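**Student:** Below are the structure tokens for one structure; questions will follow.
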Amino acid sequence: MLELSMLRSFSRANTKPEFLLQSKPRPSGGAITISLFSSAVAQNQASLTPITSTLLQKCNSLAQAKLIHQQLLVQGLYQDFTTRLVSAYLTHNAPSHSISILERLTPSTSVVFCWNTIIRRSLRLGFSHDVLSLFRRMLRLHCPPDHYTFPFVLKACGELPSFRSGAAVHAVVSTTGFDSNVFVCNALVAMYARCGELDDARQMFEEMHDKGICDIVSWNSIVAAYTQSRDAKNAVELFRIMMNDSEIHPDIVSLVNVLPACGSLGASLHGMQLHAFALRRGLFEDVFVGNALMDMYAKCRMIEQANKVFESMEVKDVVSWNAMVTGYSQAGRFEEALGLFEKMREEKIELDVVTWSAVIAGYAQKGHGYEALGVLRQMQLCGSKPNVVTLVSVLSGCASIAALLQGKETHCYAIKCVLNYDWNDPGEDLMVINGLIDMYAKCKSTNVARLMFDSVAPSDRNVVTWTVMIGGYAQHGEANDALKLFSEMLQEGNSMKPNTFTICCALMACAHLAALRFGKQIHAYILRNRYESVMLFMENCLIDMYSKSGDIHAARVVFDNMQHRNSVSWTSLLTGYGMHGYGEEAIKVLDDMRAAGFVPDGITFLVLLYVCSHSGMVDQGIRFFESMHTEYSVTPELDHYACMVDLLGRAGRFGQALELVHSMPMEPTAIVWIALLSGCRIHGNVELGEYAAAQLQELGSENDGSYTLLSNIYANARRWRDVARVRSLMKYSGVKKRPGCSWVQGKKGTATFYVGDRSHPQFEQIYKLLADLIQRIKAIGFVPETNCALHDVDDEEKGDLLFEHSEKLALAYGILVSTPGVPIHITKNLRVCSDCHNAFTYISMIIDNEIILRDSSRFHHFKSGSCSCRGYW
């Protein structure tokens, strides 16, 4: 029907051919075409082909192509020029006409070529879905695809990405006998990699290798697949195997693929070997290789070596400059980065969005949020428009300094210029949303962060979306919400697998809540799902979780079974022993640490001073403090001085503590005076306590803990008017005392109690059991410490007040629901009072359970009438 309609159109247009041939003064393009064609018809038909081919090539409009099509139909020459007509229609963006012609032709090599041309055009224009539609139409017409067709179609599957479509095309490849064609198989490897199916890509490569059809493109494809999937270890290992294959010679693409993997691993030795290889093979002159080498050295923190590569490059493009700017920024050498900025301007090299983003990202990663915002303002003044990477870096900078206002401004800009556009890449939109969730969470606006999280459809969330929300909850005291969200992530039907950071955030939440049971479940999940390549990071988190959840022995088992350890591993175990009051064990760990070649640093000494303070090892702590500078060249900082004041204050050595405060090379801050005030509370030193409190007031400290400590000091001295004055001062200043809260793990979850709490369904049984316990321990010598009741009432009423403390209620509930012999784990948000501590010591004599209590300062293990703290708490 198409040909007949064209013929009728031609008949109407050509009723007077003489008029067309004689038109003046300038014949149109269509008239010239018909004139030349008519002349060709008058000659021998053997000469028609070259002339018509020339005419089709000279067509400069769709109308001219249609006219020639009409003439070919009239003259009966249509079948001889179909492929050229297809090309002519494609040239003038009329693929539908080309397809109409192809659908009426008998399959042949030339017809397959035309289909390939149309498919390649759609792929080049980014119409990947059209590519698959054309391929399906081609198969329905029984037109057999060839070894050129499949690479185009497989590339479209990878760009979508569509694993399902790619696997279907793979099946067609196998049934048509192209599964041994190196070009098609290389395309399959690349397709599987782009679809994120690295195992299938590797299996395809191994099959090629077994058949002996691998070429340099095959090796480059699989190495690139591992590099792009951030599996740097396998990328480097495969490249090493490729280097040992005498038939394969790595080229520029090979180096550009593997060098980023070396950078990710920090494998500077491999990188330097590749640098030498590039020099030997003459590949270093290529600007892409030079850029990749610079990036690798920068990631390996060998910035000087990166600079040498940069200086030695004869040809530099903007990517070369950006690589150096990024390297300097990530190394925290911002003066050099900004210096390159200026040099680029001097040499009139355009500062593109990558250049600006590199500096902004460098500042953000180092926690210099204000500087990052300053560079953003310069960028906008220069007329450069931020992209998605820029915005994510700016949001990270805002998060690092809790700049909520600037974060909201960035959010507004993202809404106006980036988000919610139909043409946007959904992946880039999600990057910005993830950055916004992270920013709001770190600025303590977790409600807004959760709204952002919930606005993303569950099917659209990636592992980063889950991680930033879980991490936001865990880092800002909402650990219950963190664990609840982590549980949702692992629910059946949710295929999202947590990564290392997700799991570590969940372990952090467990550590905060002392949720030992949940922590053990996560540990089991890690073992089942084989996270071997990143175990060091998670094992360090496991040590921290077990230590803070009351099971220091499990923490030691994790430590002893580690294949590799770093300084964080040793420090985490030291901290755990310190929290539990095992000072001697901590000193043994320090000796083992030194024997393993690790040198104590400032953090190690901070932990050691904490250990000594909570273990009563005063003289040992003083020796550690003195040896910091003399033996290890570590300069004591503010936190070290605060630990020393705490150590001396707990021991009642107030003269030495005050002398140390006055000799500090920096001004004492609130943390130092609170440490001194805490020591005064332990030993009832009213005069020095008042002095420390006065210093805190001068500093403008509004911490409820300092007011509570001073109130306790006055209450112990029975100075009730001063107690009332402190409470009035708190009310006037708007400082509210945090309510005491304790929680305990039961068989059906965690139960939480406040002072005098009667909200629990079993409260009658709890109070009855607690009353019985108090009567029994009174019979064996327990006397309530009524000075812990900070009210001016008689001793009997004080005893009633002490009876209802949250930790006592939690213990009674724990005994009710626990099996004899199983430890009872209790956590309190404040420091345990001395009356409850004394009561727990007595109760441990009459029950079969060990009581493990974690307060805001340390752990207490009560067993058989003694506590692990030995009075140092």
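The values are calculated or read from the model by the stated rules, or taken from the named source; none is laboratory data. Predicted, not measured: the structure shown is a model, and the values here were computed from it. Neighbour counts are summed over all protein chains in view; Cβ atoms, including those assigned to glycine, are modelled from backbone coordinates with ideal geometry. Areas reflect the complete protein model, heavy atoms only, side chains present, ligands, DNA and RNA absent. Shrake-Rupley method; radii C 1.70, N 1.55, O 1.52, S 1.80 Å.
**Student:** Looking at segment 317-354 only, could you name the residues that are in a loop (DSSP other than H, G, I, E, B) and either open to solvent by less than 70 Å² (accessible area, probe 1.4 Å) or closer than 23 Å to TYR370 by Cβ (or both)?
**Tutor:** Listed by number, the residues that qualify are ASP317, ALA331, GLY332, ARG333, ILE349, LEU351, ASP352.
**Student:** Follow-up question, since we're still on this one. Could you count how many residues in segment 441-474 are outside any helix (DSSP H, G or I) and crowded, with 22+ Cβ neighbours inside 10 Å?
**Tutor:** 1
**Student:** Same structure again: I need a count of the residues in segment 118-144 that are crowded, with 18+ Cβ neighbours inside 10 Å and either polar (S, T, N, Q) or in contact with a Gly (Cβ under 8 Å, 6 or more places away or on another chain) (or both).
**Tutor:** Matching residues across segment 118-144 total 2.
**Student:** For ILE852, are the conditions met, namely being at pLDDT 90 or above and touching a His at 6+ places or on another chain (Cβ under 7 Å)?
**Tutor:** Values: at pLDDT 90 or above: yes; touching a His at 6+ places or on another chain (Cβ under 7 Å): yes.
Judged against the criteria, ILE852 is a match.
**Student:** Identify all residues within segment 157-173 that are open to solvent by less than 50 Å² (accessible area, probe 1.4 Å) and part of a loop (DSSP other than H, G, I, E, B); write none if there are none.
**Tutor:** SER162
**Student:** Additional query: Determine the pairs where a residue that is open to solvent by 20 Å² or more (accessible area, probe 1.4 Å), located within segment 379-401, has a partner that is assigned to a loop (DSSP other than H, G, I, E, B) and of a type in the set (Gly, Ala, Ser) with Cβ atoms under 8 Å apart, the partner being 6 or more residues away or on another chain.
**Tutor:** Taking only residues 6 or more apart or on different chains, the pairs are SER400/GLY367; ILE401/GLY367.
**Student:** Restricting attention to segment 702-730, report how many residues are closer than 21 Å to ARG650 by Cβ and outside any helix (DSSP H, G or I).
**Tutor:** Taking segment 702-730 first, the residues closer than 21 Å to ARG650 by Cβ are 703, 705-717.
Adding the requirement that they be outside any helix (DSSP H, G or I) leaves 703, 717.
Summing the residues that are closer than 21 Å to ARG650 by Cβ and outside any helix (DSSP H, G or I) in segment 702-730 gives 2.
**Student:** Oh, and also: Please indicate, with yes or no, whether at least one residue in segment 649-665 is over 23 Å from CYS833 (Cβ atoms) and within 41 Å of the chain's Cα centre (by Cα).
**Tutor:** Yes, because at least one residue in segment 649-665 is over 23 Å from CYS833 (Cβ atoms) and within 41 Å of the chain's Cα centre (by Cα).
**Student:** Do you know which residues across segment 522-556 are assigned to a helix (DSSP H, G or I), surrounded by 14 or more Cβ atoms within 10 Å (Cβ to Cβ) and more than 21 Å from the chain's Cα centre (by Cα)?
**Tutor:** Kept after step one, since they are assigned to a helix (DSSP H, G or I), are these residues of segment 522-556: 522-529, 532-548, 552-556.
Of the ones still in play, those that are also surrounded by 14 or more Cβ atoms within 10 Å (Cβ to Cβ) are 522-523, 525-526, 534-548, 552, 554-556.
Within segment 522-556, ILE543, TYR546, SER547, LYS548, ILE552, ALA554, ALA555, ARG556 meet the criteria.
**Student:** Another question, if that's okay. Take segment 620-635 and flag every residue that is open to solvent by 90 Å² or more (accessible area, probe 1.4 Å) and assigned to a helix (DSSP H, G or I).
**Tutor:** Once the filter is applied, which keeps residues that are open to solvent by 90 Å² or more (accessible area, probe 1.4 Å) and assigned to a helix (DSSP H, G or I), segment 620-635 yields ARG623, GLU626, HIS629, THR630, GLU631.
**Student:** Where the second residue is open to solvent by 40 Å² or more (accessible area, probe 1.4 Å) and the first is of a type in the set (Asp, Glu) and lies in segment 690-719, which pairs have Cβ atoms under 9 Å and are six or more apart or on separate chains?
**Tutor:** GLU702/SER733; GLU702/GLY734; ASP704/LYS736; ASP704/LYS737; ASP704/ARG738
**Student:** Let me spell it out: the conditions are (1) within 27 Å of LYS828 (Cα to Cα); (2) crowded, with 21+ Cβ neighbours inside 10 Å, and PRO498 meets all of them except one. Which number is the exception?
**Tutor:** (1)
**Student:** While we're here: Looking only at residues that are touching a residue at least 40 places away in the same chain (Cβ under 8 Å) and touching a Phe, Trp or Tyr at 6+ places or on another chain (Cβ under 9 Å) in segment 725-744, which one is farthest from ASP704 (Cα to Cα)?
**Tutor:** The extreme case among them is VAL744.
**Student:** Please go through segment 816-873 and pick out each residue that is hydroxyl-bearing (Ser, Thr, Tyr) and not in a loop (DSSP other than H, G, I, E, B).
**Tutor:** THR827, SER834, THR841, TYR842, SER866
Residue by residue, here is whether (1) open to solvent by less than 50 Å² (accessible area, probe 1.4 Å); (2) among the small types (Gly, Ala, Ser); (3) closer than 21 Å to ARG280 by Cβ holds:
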| site | (1), (2), (3) |
| --- | --- |
| THR227 | yes, no, no |
| ARG240 | no, no, yes |
| MET243 | no, no, yes |
| SER246 | no, yes, yes |
| HIS249 | no, no, yes |
| VAL253 | no, no, yes |
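**Student:** Collect the residues in segment 277-302 that are open to solvent by less than 40 Å² (accessible area, probe 1.4 Å) and assigned to a helix (DSSP H, G or I), keeping them in residue-number order.
**Tutor:** PHE277, ALA278, VAL287, VAL289, GLY290, ASN291, ALA292, LEU293, MET294, MET296, TYR297, ALA298
**Student:** Which pairs have Cβ atoms under 9 Å, sit 6 or more apart or on different chains, and link a residue in segment 236-262 that is closer than 13 Å to PHE288 by Cβ to one that is among the acidic types (Asp, Glu)?
**Tutor:** Once the first residue is closer than 13 Å to PHE288 by Cβ and sits in segment 236-262, its partners that are among the acidic types (Asp, Glu) give ILE252/ASP286; LEU255/ASP286; VAL256/ASP286; LEU259/ASP295; PRO260/ASP295.
**Student:** Can you pull out the residues in segment 542-570 that are among the charged types (D, E, K, R) and touching a residue at least 24 places away in the same chain (Cβ under 8 Å)?
**Tutor:** ASP544, LYS548, ASP551, ARG565
**Student:** Of ASP438, ASP429, which residue is crowded, with 22+ Cβ neighbours inside 10 Å and closer than 30 Å to TYR328 by Cα?
**Tutor:** Matching residue, one of ASP438, ASP429: ASP438.
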